[in-house]
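Here's the structure, in structure tokens; my notes come after.
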Amino acid sequence: MAQNTQNIDALMAEERTYPPDPEFAAQANAQAGFYDQDPDEFWEKEARERITWFTDFNALKQWDRPHARWYLGGRLNACYNCVDRHVENGLGDKVAYYWEGEPADERLTITYADLQSRVVKAANGFRSLGIGKGTKVAVYMGMIPESPVTLLALARLGAPFTFVFGGFSAQALGSRMVEMECEYLVTQDASNRRGKASPLKPIADEAMDMAPTVKHCVTVRRTGSDVTMKQGRDLWWHDVVDTQSDDPASCPCEPMDAEDMFFLMFSSGTTGRPKGIVHSTAGYLVGVATTHYYVFDIKPDTVYWCAADIGWITGHSYIVFGPLANATTSVIYEGTPDFPDKARWWEIIERYRVNVLYTAPTSIRTHMKWGAHHAEQHDLSSLKVLGSVGEPINPEAWLWYRDHIGAGRTPVVDTWWQTETGMIMVSPLPGLTTLKPGSATRPFPGVEAAVYDEQGKEIAPGEGAGYMVVKAPWPSMFRTLYGDDERFRETYWDKFPDAYLAGDSARVDADGDFWLMGRIDDVMNVSGHRLSTTEIESALVDHPDVAQAAVVSRYDATTGQAIVAYVTLKEGAEGSTEKLAELRDHVGTQIGPIAKPANLVFSDELPMTRSGKIMRRLLKDVAENRELGDTTTLADPSVVDELKQRSEN
Ligand code: WTA
């Protein structure tokens, strides 16, 4: 199992505990007895309490392993649940989003009534272009109000979408649009990043060249950057949307079947080709609304900020659909945390009196590196709950988060989940759980998580580590991999006959608390972003000068893991500094800047087994400067010594 040892040693040694504060516990949404609920009764109750159905469901679930169906016969609309019903219920004046642009003093307060007006206009505009129930749409945007508006408008029309993170390349966007056969694309000219315009439309243009199914592209003007508009295909958002009616009756919410595909989220897997993870409408919405409500202890006046990007599952579930379904007031921030200075986040928390902050360990470690003095300049006393997601959190970062951001007082909820699970699966509940730094503690009610050994036997609490699994279906579980049900079965369901294989290793301690320890496959986690070693290897080998490439991750104190690439060049090509930069850029163009290797080592040979497989485990040891593991099956052991020397230079 590939793991990062430094972090695990720290986790294994961790013994501190933090019981819930009695005052917090008394007012918490989850009270004693919460964990004793019967899973089916729980999911039935939550579905009725949290969601408004056009037609009630007549069966809770159907489990035909590995295919689950939830809330059968139910009809609903996600946009109606996130927007319209709140306005109908008198919450029109409540703030849905405080939007904070990256340029200082550029702010918007968007109430639920404003949101409805924007969404109805956008939906009418999209409909005028031919988007309707079942039309597939790609979205490639940054953190602007039009991003959630677009997703809600598509949900209103019943059009399944795939939102591709703005940091992905033309190649990545194009292949995703091809895979889903998208007919439309919504994007923006460029997004603001650290004071500069970072282009999106030019990348979208290149991507559309690869994806001939795209008929129209709608572009929001955000930065005013120069863009090329292709006659007949490309339209401006303001031309399509601004003149439309905002009367909700002009564009009613399409009643969708509970199991209709809601969206696709592409995620890295163990092979080069990203997986199209399919989420359904009702189960997804119930799952994210329920977990959001209890894990973050959401009250009617809570101001909540999930500082992820909408382009990731965290953003879908916990910036858009979960919070809006619960009629929560959220913050959306457009830019980077260090613009114009490193106190920007803390300034935002002070300005909006944020009660809940949800972010990734990488961000916490970055702020740690920058120093607590930035946070100390601001009044963070409004904070009540701090959340962490995306990667294992080391106890040091956990404690820093609680002490310096949460004044040593706020609970830290370390939430474990995946694109596949749709919702938080293992997490403390801030009013009930005794916290342990680095532990995600307990499965959420209605989630039957466990740790299995190689033989598929459950490992008892305190008895060691194994495979993280889930033994029963949950509402927001992904339904399949788009167009590849076979891969869905093989990847997640074939290893154990009675459980879902998550792809992580974990242990349960003697108290029954879960400790997640990293991936067991070739998926890396860099700054909380999932990347596949094979995908990056393919990108490198795609370069005309590259003969062979092997990619591994090494431990990194800030980003958790960092990418190290070993490259053998073809005859005649020279491993120069320029070549190194060229190859890194090539990966950037193929996948996206987030996939660029932190280190790239040229090598005449890569360590191979006698049967011709690259020995990644050895390369990882070299990358992490560890004692080398067993090299006896290596074809030429001297290769490793040479690599070690090169890596040190
Ligand atoms: C990792 C992000 C430890 C894990 C929501 C998982 C975590 C992968 C945690 C999913 C956590 C996520 N502790 N590891 N609290 N949360 N992970 O699909 O390896 O981008 O399998 O979903 O991130 O990443 P994904």
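The residue that is modelled with the lowest pLDDT, counting only those in segment 259-273 that are of a type outside the set (Asp, Glu) and in contact with a Lys or Arg (Cβ under 7 Å, 6 or more places away or on another chain), is 269. So how many residues does segment 448-485 have that are under 23 Å from residue 40 (Cα atoms) and touching a residue at least 40 places away in the same chain (Cβ under 8 Å)? The qualifying residues number 15.
The set of residues in segment 119-152 being surrounded by fewer than 22 Cβ atoms within 10 Å (Cβ to Cβ), closer than 21 Å to residue 264 by Cα and of a type in the set (S, T, N, Q) consists of 135 alone. Among the residues of segment 403-423, those that are touching a residue at least 40 places away in the same chain (Cβ under 8 Å), more than 8 Å from the ligand (Cβ to nearest atom) and either over 20 Å from residue 294 (Cβ atoms) or in contact with a His (Cβ under 9 Å, 6 or more places away or on another chain) (or both) comprise 405, 409, 422, 423. Only a single criterion out of (1) out of contact with any Phe, Trp or Tyr (no Cβ under 7 Å at 6 or more places or on another chain); (2) under 22 Å from residue 365 (Cα atoms) is not satisfied by residue 516, namely (1).
Counting only strands (runs of 3 or more DSSP E) that sit completely within segment 477-585, those holding 1 or more residues that are β-branched (Val, Ile, Thr) and more than 29 Å from residue 176 (Cα to Cα) correspond to 500-508, 560-569.
In segment 246-277, which residues are part of a strand (DSSP E or B) and of a type outside the set (S, T, N, Q)?
Of segment 246-277, the ones part of a strand (DSSP E or B) are 256-257, 261-267, 275-277.
Of everything in segment 246-277, those that are part of a strand (DSSP E or B) and of a type outside the set (S, T, N, Q) turn out to be 256, 257, 261, 262, 263, 264, 265, 266, 275, 276, 277.
Would you confirm whether any residue within segment 418-429 is more than 30 Å from residue 273 (Cβ to Cβ), at pLDDT 95 or above and either outside any loop (DSSP other than H, G, I, E, B) or of a type outside the set (A, V, I, L, M) (or both)?
yes
Considering segment 402-429, and only residues there that are out of contact with any Ser or Thr (no Cβ under 6 Å at 6 or more places or on another chain) and of a type in the set (Ser, Thr, Tyr), the residue that is surrounded by the fewest Cβ atoms within 10 Å (Cβ to Cβ) turns out to be 410.
Looking at residue 623, is it under 29 Å from the mean Cα position of the chain (by Cα), at pLDDT below 90, of a type in the set (A, V, I, L, M, F, W, C) and under 26 Å from residue 267 (Cα atoms)?
It is true that residue 623 is under 29 Å from the mean Cα position of the chain (by Cα), at pLDDT below 90, of a type in the set (A, V, I, L, M, F, W, C) and under 26 Å from residue 267 (Cα atoms).
Scanning segment 355-389 for residues that are more than 27 Å from residue 556 (Cα to Cα) and in contact with a Lys or Arg (Cβ under 8 Å, 6 or more places away or on another chain), which turns out surrounded by the fewest Cβ atoms within 10 Å (Cβ to Cβ)? The residue in question is 382. Residues in segment 26-47 that are modelled with pLDDT of 95 or more, over 16 Å from residue 447 (Cα atoms) and in a loop (DSSP other than H, G, I, E, B): 28, 29, 31.
Report yes if residue 601 is closer than 27 Å to residue 420 by Cα and either in a helix (DSSP H, G or I) or at pLDDT 90 or above (or both), otherwise no. No; evaluated as a whole, the condition is false for this residue. When 556, 509, 504, 521 are screened for being in contact with a Ser or Thr (Cβ under 6 Å, 6 or more places away or on another chain) and within 16 Å of the ligand (Cβ to nearest atom), only 521 passes. Within segment 255-293, the set of residues being buried (at least 21 other Cβ atoms within 10 Å of the Cβ) and more than 19 Å from the chain's Cα centre (by Cα) comprises 256, 258, 282.
Evaluate segment 341-354: report whether one residue or more is within 16 Å of the ligand (Cβ to nearest atom), crowded, with 22+ Cβ neighbours inside 10 Å and assigned to a helix (DSSP H, G or I). Step through it out loud before you land on a result.
If we filter segment 341-354 for residues that are within 16 Å of the ligand (Cβ to nearest atom), which is where we start, we get none.
Looking for residues that are within 16 Å of the ligand (Cβ to nearest atom), crowded, with 22+ Cβ neighbours inside 10 Å and assigned to a helix (DSSP H, G or I), one finds none in segment 341-354, hence no.
Among the residues of segment 431-442, those identified as within 15 Å of the ligand (Cβ to nearest atom) and either among the basic types (Lys, Arg) or in a loop (DSSP other than H, G, I, E, B) (or both) are 433, 436, 437, 438, 439, 440, 442.
The values are calculated or read from the model by the stated rules, or taken from the named source; none is laboratory data. Since the structure is predicted, the reported quantities are computational estimates derived from the model, not experimental observations. Don't worry about glycine lacking a Cβ; one is built from the backbone with ideal geometry, like all the others, and counts go over all protein chains shown.
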